[in-house]
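Report on one structure; see the data block that follows.
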Amino acid sequence: MKRKVSTLLITCLTLLSTVAIASDKDTLIVAQGAEAKTMDPIATNDVPSYRIMVNIYDTLFQRDQKGNLVPALANSWEQVDPLTLLIHLKKDIKFHNGNDFKANDVVFSLNRAKEAPTLMSFFGDIDKVEAVDDYTVKITTKQPFGPLINFLSHKGSSILDEETVKSAGKDYALHPVGTGPYEFVSWKYGDRVELKANPNYFGGKPVTENIVFRTITEPTNRIIALETKEADIAYEIDPIDLQFIKNNPELVLMEQPALSINYLGFNTKKEPLSKKEVREAIAYAINIPSLIDAVYLGSATPANSIVPPGVPGYNANARRYEQNINMAKELLTKAGYPNGFKIKITLNDSGTRKNIAVILQDQLKQIGIDVEVEIIEWGAYLDKLSRGEQELYLLGWTTPPECDAAVYSLLHTKHHGSGGNRSFFSNPKVDELLDLARKSTDQEERNKYYCEIQDIVQEELPIFVLANPYDNVGLQKDIKGFLFDIESEHRLYKAYK
């Protein structure tokens, strides 16, 4: 109790300006656990950044509340042949600066996306993007590309104003311009991003005039911000705090199974993790049910695959690991480490991941593995993983209902590092299956490839998937119109007090 009171005093003293804003019905304060990395859609592939950008930009297509693909900036489309997609654009849409949205902006944006290292797994198979006329775009792929339409809803394919990007140059991320429901106002790094309503939004003017995204990394402080009405909405509520929200009549908890995984990653290029027996030993040393009980408190389920349940192609029969200390020790001995070894686990400053790390530290000690925990800020963490400087690491991955998005980035050899394969895993058979699944437009055939991939991953263990978590949002009870996004990237243009 003392800790909570002292934290509350500090929070109140430092956030007085936010309290003043939060009392305004024209402003929604949104608290999230990590700083956005950038406002440029092609420069990242992380949820904290996209949660802001989804309110600034639009894509050609988007997912509705049920996960169905619907047109956004696109009006209609035709698959002319296996390599050619023709997209007809909506007319009379303007960017925030007043410029008309036209085909040249789509060509420019998608060409940027297909060259971006962070997005190569989604758009690298695009060969050409051409403007047929001002409101028609032709996309040609290098080979048949089954998931293309799905990927045109990915936030990395957000459509930017060509003129603004070119004139801003390297400073563009500080002055983003989209067609979305909210316009960018300011970014005080480490504190907040401020947005204002776009009165000309083609989907109708947003209900609330201002949105302020606050970075509150400490989970307890996000709860306090809700309790004291310094925040109207809070993302990433720690499981330990869920009951507090449920018991508070002034607050509302929204929760649903997420299309995501939380996993322990192995840098397969570094000894001793380069040895499969070591990775298996670690998997056998971990007691998943006890970890889920202790950390998630019922807000997750044990995982057996890199693909979340609910995504077409999920393999329910993929191998599951149960704790077996004797087997773990035998595998370590076979790998040449009968007495264990010292290793570092790296993670960002997320409360859930901190708790997981502590439990893993304790469980791996049983087989002689001495784990040092390293905690660093979100942006620096992603950079470190991309450079391959980590040994063990903890991370999550959220995917749309498209199996390629769940596996290609995380596993393909050509996406080592910033492309998503932060385990630096290379397996020729997996690469072959990934490419075959991507070339096919037959969903049943694709699912067979994906099931085989999941079997191999559970044997080779470049990553050890721990849990399928639930997504959650805490809100003040007077918040209406909040749309719970299936990909955890929530659009706020219908939310209001």
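The values are calculated or read from the model by the stated rules, or taken from the named source; none is laboratory data. What you see is a predicted model; the values in this text were computed from it and never measured. Neighbour counts run over all protein chains shown; Cβ positions are idealised from the backbone, glycine included.
See the values below:
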quantity	calculated
Residue ID - farthest from Leu60 (Cα to Cα), chosen from residues in segment 79-117 that are in contact with a helix residue (DSSP H, G or I) (Cβ under 7 Å, 6 or more places away or on another chain) and assigned to a strand (DSSP E or B)	Leu85
In segment 98-140, residue farthest from Asn75 (Cα to Cα) [restricted to those that are at pLDDT below 95 and polar (S, T, N, Q)]	Thr118
Selection from segment 126-140 of residues that are buried (at least 20 other Cβ atoms within 10 Å of the Cβ) and in contact (Cβ under 8 Å) with a residue 24 or more places away in the chain	Val137, Ile139
Hits in segment 334-390 - residues which are among the aliphatic types (A, V, I, L, M) and either outside the structural domain of Ala281 (by TED's automatic domain parsing) or within 14 Å of Ile282 (Cβ to Cβ) (or both)	Ala335, Ile343, Ile345, Ile356, Ala357, Ile359, Leu360, Leu364, Ile367, Ile369, Val371
Residue under evaluation Val278, criteria (1) within 20 Å of Leu475 (Cβ to Cβ); (2) in contact with a helix residue (DSSP H, G or I) (Cβ under 7 Å, 6 or more places away or on another chain), criterion not met	(1)
Pair list, Cβ < 6 Å and 6+ apart or interchain, from segment 76-96 residues that are in contact (Cβ under 8 Å) with a residue 40 or more places away in the chain to residues that are among the small types (Gly, Ala, Ser)	Ile87/Ala74; His88/Ser76
Residue in segment 252-267 that is farther than 19 Å from Leu297 by Cα, assigned by TED's automatic domain parsing to the domain that holds Leu332 and free of Cβ contacts under 8 Å to residues at least 12 places away in the same chain present	no
Residue identified as in contact (Cβ under 8 Å) with a residue 60 or more places away in the chain, closer than 18 Å to Thr27 by Cα and surrounded by fewer than 21 Cβ atoms within 10 Å (Cβ to Cβ) among Lys196, Lys188, Lys205, Lys229	Lys229
Single residue of segment 285-343 satisfying the filter (of a type in the set (Asp, Glu) and over 25 Å from the mean Cα position of the chain (by Cα)) that is farthest from Thr398 (Cα to Cα)	Glu330
Scope segment 313-353; condition closer than 24 Å to Glu35 by Cβ and crowded, with 18+ Cβ neighbours inside 10 Å; matching residues	Ile345, Thr346, Leu347, Asn348, Ser350, Gly351, Thr352, Arg353
Phe244, sole failed condition from (1) touching a Lys or Arg at 6+ places or on another chain (Cβ under 8 Å); (2) at pLDDT below 95; (3) more than 17 Å from Gly396 (Cα to Cα)	(1)
Filtered residues of segment 169-199 (kept if under 19 Å from Asn99 (Cβ atoms) and at pLDDT below 95)	Gly169, Asp171, Ala173, Leu174, His175
Whichever residue in segment 225-237 is among the β-branched types (Val, Ile, Thr) and modelled with pLDDT of 95 or more and, among such residues, is nearest to Glu35 (Cα to Cα)	Ile233
Verdict on Gly474 being touching a Phe, Trp or Tyr at 6+ places or on another chain (Cβ under 6 Å), touching a residue at least 60 places away in the same chain (Cβ under 8 Å) and farther than 21 Å from Tyr263 by Cβ	no
